[in-house]
Amino acid sequence: MTNRREFARTAMNASVKVCHPLIGEAIYKTRDISDGGIYVVAESDRYPPLGDHVQVQVQGLPVAAPTVTMEIVRHGGDGYGLQFV
């Protein structure tokens, strides 16, 4: 099977706040990050639809992190993949 990923992934465990009308505001852990996006681990069966945009902010930093817009590009068994917009 060919790996079609454009960017290399790096394992990263960080807390992020994800905002979307379907889920409201939720705090998730990341599994990995790349130059293209992140994968968030979400123990839920209510994932926002593919193609929707969410607002994401890293939590737990000494100063407030910027909020970025990301697109939902993949649903997985334990979460979903987000791409930087």
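The values are calculated or read from the model by the stated rules, or taken from the named source; none is laboratory data. Predicted model, so just to flag it, every value in this text is computed and none were measured. Don't worry about glycine lacking a Cβ; one is built from the backbone with ideal geometry, like all the others, and counts go over all protein chains shown.
Given the options GLY60, GLY79, GLY51, name the one that is among the small types (Gly, Ala, Ser) and under 14 Å from VAL18 (Cβ atoms).
Testing whether each residue is among the small types (Gly, Ala, Ser) and under 14 Å from VAL18 (Cβ atoms) leaves just GLY79.
Tally the residues that are closer than 19 Å to LYS29 by Cβ and at pLDDT 95 or above, restricting the search to the stretch 42-59.
6
Just the residues that are β-branched (Val, Ile, Thr), part of a strand (DSSP E or B) and free of Cβ contacts under 8 Å to residues at least 40 places away in the same chain, please, taken from the stretch 19-59.
Selection gives ILE27, THR30, ILE33, VAL41, VAL54.
This table checks each residue for (1) in contact with a helix residue (DSSP H, G or I) (Cβ under 8 Å, 6 or more places away or on another chain); (2) surrounded by 10 or more Cβ atoms within 10 Å (Cβ to Cβ); (3) among the acidic types (Asp, Glu).
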| residue | (1), (2), (3) |
| --- | --- |
| ALA11 | no, no, no |
| VAL18 | no, yes, no |
| ARG31 | no, yes, no |
| ASP35 | no, yes, yes |
| ASP52 | no, yes, yes |
| GLU71 | no, yes, yes |
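Name the residues in the stretch 63-84 that are touching a Phe, Trp or Tyr at 6+ places or on another chain (Cβ under 9 Å) and either polar (S, T, N, Q) or under 15 Å from LEU50 (Cβ atoms) (or both), would you?
THR69, MET70, GLU71, ILE72, VAL73, ARG74, HIS75, GLY76, GLY79, TYR80, GLY81, LEU82
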